[in-house]
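A quick write-up on the structure given underneath.
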Amino acid sequence: MLILGISTSTKQVGAAIGGHEGVLASAHSARGKRHAENLAPSIDFVRRQARIELDEISVVAVDIGPGLFTGLRVGIAAAKAMAHALRVPMIGISSLDLLAWPVRHTSREIVAVIDARRGEVFYARYRPTPGGVQRLGEPVVASPDDLRADLEATDSDYLIVGDGGLRYADELDRIIRVEVAEQHLAHPNAASLVQLAHAKAIREDFVQPWQLEPLYLRPPDAEINWSTREGLTPGEAR
């Protein structure tokens, strides 16, 4: 079983291919908001590095968010198109799960944080477990101050991972028990996507392309802008 993984929820575009032998090839790039321009070359690169043809892919896995609206739209649309063309099932994985996975060996509670722009973050908390991580609640969108208040309400030691943690590191560093992970862990990783998707594929935990939905957590920025011009809150938009 070979899995193609696509991750575009942040400014970084990633693609990877792997299966029971592990990750065979992966590529990541970050060039502004050029998700559409970067994705196809990345997929072709990992295909050639893995020495396979696209018709050998048996599952398409995709990062479903939360994240930047444009990036999610590009990645999910491309993943659905490929799954439909190849007539293979799909697996969707949260971008926050992908951030937490690489730091699963920490002894601290993990907080995956993505910069949501507009002075907000997407985040979720995780507990390290033997062989992985366990999410402690549903992903939420909040201000950095609300995130800090949430973390200050317990006595846990935290490892914060993601570009949101780096952007608001000064605010979060006021919490004594917090460590912010390094820059190379700032974005969801397509190799982690393939690893997590493989575990789901073994259980045949698939969805069909038309069943897969993105996890936005808030309206797209364009809708927010339109609502503001009309003098409405996002929830009141017609």
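No value in this document is a laboratory result; all are computed from the given coordinates. Computed from a prediction, not measured in an experiment: that's the story for all the values here. In this analysis, Cβ positions are derived from the backbone assuming ideal geometry, glycine residues included, and neighbour counts consider all displayed protein chains.
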Legend entry - Within the chain, percent of DSSP bridges classed antiparallel, to nearest 5: 65
Inset, instruction - Classify region 61-136 as rounded, prolate or oblate, taking a ≥ b ≥ c as the square roots of the eigenvalues of its Cα gyration tensor: rounded when a/c is under 1.5, otherwise prolate if a/b is larger than b/c and oblate if not. - result: oblate
Legend entry - DSSP beta bridges in region 96-185 [antiparallel fraction, %, rounded to 5]: 65
Legend entry - For region 96-185, convex hull volume per residue from C-alpha positions, Å³: 85
Legend entry - Within the chain, longest stretch clear of exposed GluC sites (Glu not before Pro) (DSSP loop, no more than 12 other Cβ within 10 Å): 54-181
Inset, instruction - Using the Kirkwood radius over Cα pairs, work out the Stokes-Einstein diffusion coefficient for region 1-40 at 4 °C and 1.567 mPa s, in µm²/s as a whole number. - result: 122
Inset, instruction - In whole angstrom, note down how far apart the Cα centers of region 2-70 and region 115-132 are. - result: 21
Inset, instruction - Would you calculate a helix-derived [θ] at 222 nm for the chain, using -39,500 (n - 2.57) for each DSSP H run of n ≥ 4 and dividing by the full residue count, to the nearest 500? - result: -10000 deg cm²/dmol
Inset, instruction - Determine the shape class of the chain: with a ≥ b ≥ c the square roots of the Cα gyration tensor eigenvalues, call it rounded for a/c under 1.5, and otherwise prolate if a/b is greater than b/c, oblate otherwise. - result: oblate
Inset, instruction - In debye, nearest 20, what is the charge dipole magnitude of region 96-185 about its Cα centre with +1 on Lys and Arg Cβ and -1 on Asp and Glu Cβ, if you could check? - result: 260
